[in-house]
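I have placed the structure first, in the form of structure tokens, so that the comments after it can refer back to it.
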Amino acid sequence: RPHLKTLRTLEAADYLLPGKNAPATVSTLAEAEAYANAGYTDLLYAVGIAPAKLARVAQLRQQGISLHILLDTPEQATAVVNFAQLHQQDFSVLIEIDSDDHRGGIKPDASQLVTIAAQLGSHFSGLMTHAGGSYGCSTPAALQTFAQQECDAIRKARQRLAEAGIDCPITSVGSTPTAHFGTDFNDISEVRAGVFTTFDLVMKNIGVCTMDDIAMSVVTTVIGYNKEKHWLLTDSGWMAVSRDRGTANQAVDYNYGQVCRLDGTVINGLTLTGTSQEHGVIELPQDYAVDDFAIGSQLRILPNHACATAAMHPVYHILKSDNSHEQWQRIIGW
Ligand SMILES: Cc1ncc(COP(=O)(O)O)c(C=O)c1O
């Protein structure tokens with residue numbers, strides 16, 4: 001069930017999914033609505049549901065979309081059950097399991113798990129977890145252990161539900177690192193990954209991809225120099241690359257991104273060292289002169305976090321393997 005949130009375009013969904021009925025994950029209802037209107041029928045909205053959004057969920061389900069929602073509190077379950085009764089609406093709800101103490105979810109051994117599933121009754125469809133903590137790993141062994149831990153949390157929760165007589169048709173796990181390093185998904189019904197769509201420097205540092213695998217870059221132009229400081233100034237401030245500093249605590253810190261030549265060749269030692277809203281700063285190492293980079297010349301910046309960088313751009317320029325170009329429009333909003 002690929003996560004479509006990195007590029008959020010209809011064209012990317014077309015690349016990632018084998019067909020319109022293939023399962024996919026989204027992070028906003030705006031995406032769910034756009035993909036549903038384009039004919040996609042099986043979508044997981046993988047962010048905790050707010051009661052005020054149930055009417056939009058119901059609308060999509062009435063259109064025949066198998067839209068699954070997520071929750072991890074009795075309050076949310078009550079809102080779902082009340083809405084369902086009031087409007088004679090069926091829902092498909094996954095309970096979020098916390099497999100790594102990273103963000104939301106219920107611990108697999110928490111008593112609330114069985115209570116919430118029972119409360120949901122026929123609206124309950126299964127369990128979901130996201131091992132976002134796997135981003136802290138940097139060795140294959142640690143990633144494999146993390147992937148195992150992610151699946152084991154779901155297995156444990158499923159076992160507890162089974163003991164309470166509750167069936168669990170959907171078991172959903174995944175992040176890009178655990179999807180790549182997991183070795184046993186046999187009894188898990190679906191795996192989600194998103195940033196693998198283009199990869200990025202964070203994934204390169206974790207060891208999920210190589211620099212060559214990164215398929216997203218921001219083209220930037222040299223717009224000036226600060227010669228005393230030995231700086232290039234570019235038109236790629238954080239409005240172009242985002243403020244994401246995901247590599248700050250990793251083995252290699254790429255600051256605001258790795259600088260490449262326009263043809264994509266990595267320029268070793270050159271990163272986008274600083275950003276203000278519209279300006280980027282490339283602090284040059286001593287072996288480069290500012291005049292090596294002519295005013296008006298173009299460079300490419302590889303992103304720390306592809307999802308954050310993509311979100312700064314309403315349109316992407318797609319360079320295809322036959323050298324033709326396309327423009328893809330991003331689905332925006334919530
Ligand atoms: C619920 C959920 N599933 C899957 C993913 C995909 O993980 P990744 O971005 O590592 O591909 C995310 C990412 O944030 C997520 O929040």
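The residues of segment 101-138 that are open to solvent by 30 Å² or more (accessible area, probe 1.4 Å) and within 21 Å of the chain's Cα centre (by Cα), listed by number, are Asp101, His102, Arg103, His130, Tyr135, Gly136, Ser138. Please state which one of Asp200, Asp212 is within 16 Å of the ligand (Cβ to nearest atom) and either farther than 18 Å from Ala131 by Cα or under 15 Å from the mean Cα position of the chain (by Cα) (or both). It is Asp200.
Step by step: first the residues of segment 85-100, then only those that are in a loop (DSSP other than H, G, I, E, B) and closer than 16 Å to Leu120 by Cα, then the one that is most open to solvent (accessible area, probe 1.4 Å). Which residue is that? Restricting to residues being in a loop (DSSP other than H, G, I, E, B) and closer than 16 Å to Leu120 by Cα, the top hit is Gln88. Total residues in segment 17-29 satisfying the condition of being open to solvent by 10 Å² or more (accessible area, probe 1.4 Å) and closer than 24 Å to Gly105 by Cβ: the figure is 2.
One residue alone among Gly257, Gly269, Gly280 is out of contact with any Pro (no Cβ under 6 Å at 6 or more places or on another chain) and of a type outside the set (D, E, K, R), and that residue is Gly280. Across segment 37-84, the qualifying residues are those that are in contact (Cβ under 8 Å) with a residue 60 or more places away in the chain and either aliphatic (A, V, I, L, M) or outside the structural domain of Gly194 (by TED's automatic domain parsing) (or both), and the one among them that is surrounded by the most Cβ atoms within 10 Å (Cβ to Cβ) is Leu44.
State all residues of segment 227-243 that are open to solvent by 40 Å² or more (accessible area, probe 1.4 Å) and touching a residue at least 12 places away in the same chain (Cβ under 8 Å); if no residue qualifies, say none.
Within segment 227-243, Lys227, Lys229, Trp231, Leu233, Asp235, Trp238, Met239, Arg243 meet the criteria.
Name the residues in segment 120-172 that are within 12 Å of the ligand (Cβ to nearest atom) and touching a Leu at 6+ places or on another chain (Cβ under 7 Å), would you? Met128, Ser134, Cys137, Ser172, listed by residue number. Asn21 falls short on exactly one of the conditions (1) in contact (Cβ under 8 Å) with a residue 40 or more places away in the chain; (2) away from the ligand (no atom under 13 Å from the Cβ); (3) closer than 19 Å to Ile170 by Cα, and that condition is (1). Scanning segment 173-187 for residues that are surrounded by 12 or more Cβ atoms within 10 Å (Cβ to Cβ) and more than 12 Å from the ligand (Cβ to nearest atom) yields a count of 2. Checking the structure you have, find out if any residue of segment 253-261 is farther than 18 Å from Ile206 by Cα and out of contact with any strand residue (DSSP E or B) (no Cβ under 9 Å at 6 or more places or on another chain). No; the residues of segment 253-261 include none that is farther than 18 Å from Ile206 by Cα and out of contact with any strand residue (DSSP E or B) (no Cβ under 9 Å at 6 or more places or on another chain).
The values are calculated or read from the model by the stated rules, or taken from the named source; none is laboratory data. Quantities reported herein were computed from a predicted structural model and do not represent experimental measurements. Cβ atoms come from the backbone with ideal geometry, glycine included; neighbour counts cover every protein chain shown. What goes into the accessible areas is simple: the full protein's heavy atoms, side chains included, and nothing from ligands, DNA or RNA. Shrake-Rupley method; radii C 1.70, N 1.55, O 1.52, S 1.80 Å.
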